[in-house]
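Following: one structure in structure tokens, then a few remarks.
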Amino acid sequence: MALHDPLIGTLLDGRYRVEQRIATGGMATVYRGTDTRLDRVVALKVMHPSLAGDADFTGRFIREAKAVARLSHPNVVNVFDQGADGAAVFLAMEYVPGRTLRDLLSDRGALSVRAALDILEPVLAALGSAHRAGLVHRDVKPENILITDGGLVKVADFGLVRLLNGAEGAAAGGTSASGALLGTVSYLAPEQIRSDEATDQRVDVYAAGILLYEMLTGGKPHTGENAAQVIYRHLHEDVPAPSLGNPATGPELDAIVASATARDPRGRPYDAVELLAALQRVRRSLTPAQLDAEPPASTRPSPAYPTTEATSVIHSPVEHTSVLDVPPELLDGLLTAPRPYDEPPAARRGRAARRPGPRRSRKPLVWAAVLAAVLLLVGGATYTLSSALYTTVPGVLGQSRPQAVSVLDAAGLQGRFTEVYSESVPAGQVIAADPGVGQRVRKSDAVAVTVSRGPKRIPVPDVTGRSADQARQALAGRQLAVGTGSEEYSDTVAQGSVISSSPAAGEQVPENTPVSLVVSKGMVPVPDVGGMSKDDATKALEEAGFKVQSNGLNLFGTGKVSDQNPAAGQRRPQGTTVVLTFPLI
């Protein structure tokens, strides 16, 4: 039975009219409303009354407004205002008509690689903007990814945001002062769970890797009967390759997911910007058939939760942001204990049904212990040898060449550097590394590092005086294009030759810049028609391309030309009028 919401129909802060509840989370409820002053639709995020009296949670709410106000990005949901009206602590935000990524996954299950990348890339762009501004989201999940009716992707709910350079919020990890875990358990990075570890922007990278896995397979990598089981798996199990659940996913995306969800944050891309660059490189390497391959039918959801309207109402299954009260002794056990809950139920029942039998010899146990010790020593030696021979590639994207050399050297690696032109990356910064960040390599192998030479600029060649064809060949030889041309008369440049170019000769321009040419229409010397009859003079001038005008009287047409203007021999454009003077008769 639906209960009436007392906030619907009320006016918050004398300005925001609450009209419809559109989503409910673990810490707040989101309503559609109207800003009566500006007459615009807004989303109103109202903290649950049970939390509004808690100064810590109220501080988080205010911090969210301030944090998002610092961001200006098309893929981040804008926050317009923050306030309180009695017990209602609220944010006024941009209203995004559409639905959440959780709705989309509930409807469709696994997505094609192209669809998954089309969603994740703008998410990473938004997170990258936050990371470069010194902010960490800390609650990246499908419920917080909004997709508009027009296909625009926006990241919402910076409610657990934390400044990278300060101690705002809970303890440095995802644990509050009381030992409670804050966040959504399926997307928590291991360091968010451990109370003694600091967290940074790489917790968002971890959650983005989980997000990519879920979009490619239709399910979460770590599941369990309760939160403790999921927490344990985050701490002790790697995220499986998405290709195991969706063969349409190639090894390139397996590597991206493995790198982003490395349990050691040092093995992950440094921030969302670096992960986005790696993802875009993978996209460029995939064929259209690989990008558009449909996931298998087994990754499709059952029709238990049909969605008929495109709204931002959250459908099941939903995992809310929550406060997980995990006792310290249980959390300590999860960090180190074995996993009794992973034992199959049938095995547990069989073990409980067994009765004590005759006492057996202890010798097999002794030999088993000896064998185990030997294997442990061999395994330890193998691990030590492996550590001596192999390492993981650290992140060097965006660093200068000396910085990249230092980072690789600290990891026991050497770089093989090449330089390429780039219109987007400043000169001297690293564009790419192969193998990519997080990949395991032999220390004897070099890492191919590509460094930007900055934008490529080409000097415009001097083609003045050359024929039009020669000028075009000269431009093509410099990787420049021929732009629109024009013609002008010239008394110094032969007809058909280039008078000038735009951009001018010597200017530095990007590759394939069009260069416009001005070609000469030439000049013609005025024929000498002095002493000729009018008919003969007119014929000679018209054959040379000039017009004729007479000056003076020539009643019988027998007069001879006594003067001409322009004078004979002067070069003039064809079509120029030549005035002939005849003596008075």
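Here is the list for segment 187-284: GluC sites (Glu not before Pro) lying in DSSP coil, each with at most 13 other C-beta atoms within 10 angstrom of its C-beta, are Glu225, Glu237.
Loop-resident chymotrypsin sites (Phe, Trp or Tyr not before Pro) (DSSP state other than H, G, I, E or B) in segment 476-585 with no more than 10 further Cβ atoms inside 10 Å of their Cβ: Phe556.
Here segment 394-452 was treated as a single set of alpha-carbon atoms; its pair distances binned every 10 Å from 0 give 26, 58, 15, 1 percent.
Mean projected area of the convex hull spanned by the Cα atoms of segment 1-95, taken over all viewing directions: 6.5 nm². Within the straight-line cut-off of under 13 Å between alpha carbons, the aspartates and glutamates reachable from Lys539 are Asp528, sequence neighbours fewer than 8 places apart in one chain being disregarded. For segment 524-581, the alpha carbon positions stretch 32, 17, 14 Å along the principal axes, listed from largest to smallest. Could you tell me the calculated FRET efficiency between Arg114 and Gln439, based on Cβ-Cβ distance and R0 = 30 angstrom, to the nearest 0.05? E(calc), rounded to 0.05, equals 0.80. Segment 45-61 and segment 457-500 have Cα centres separated by 71 Å. Between segment 115-152 and segment 207-238, what's the alpha-carbon centroid distance in Å? Taking the Cα centre of each part, segment 115-152 and segment 207-238 sit 19 Å apart.
In segment 203-279, one over the average inverse separation of all distinct C-alpha pairs is 12.6 Å, which is the Kirkwood hydrodynamic radius.
Counting only lysines at least 8 places from Lys141 when in the same chain, those with an alpha carbon closer than 19 Å to its own are Lys45, Lys154, Lys220.
Read-outs: derived from the displayed coordinates by stated rules, not from any lab. Note that the structure is a prediction, hence the values are computed from the model and not measured. Virtual Cβ from ideal backbone geometry, glycine too; neighbours counted across all protein chains shown.
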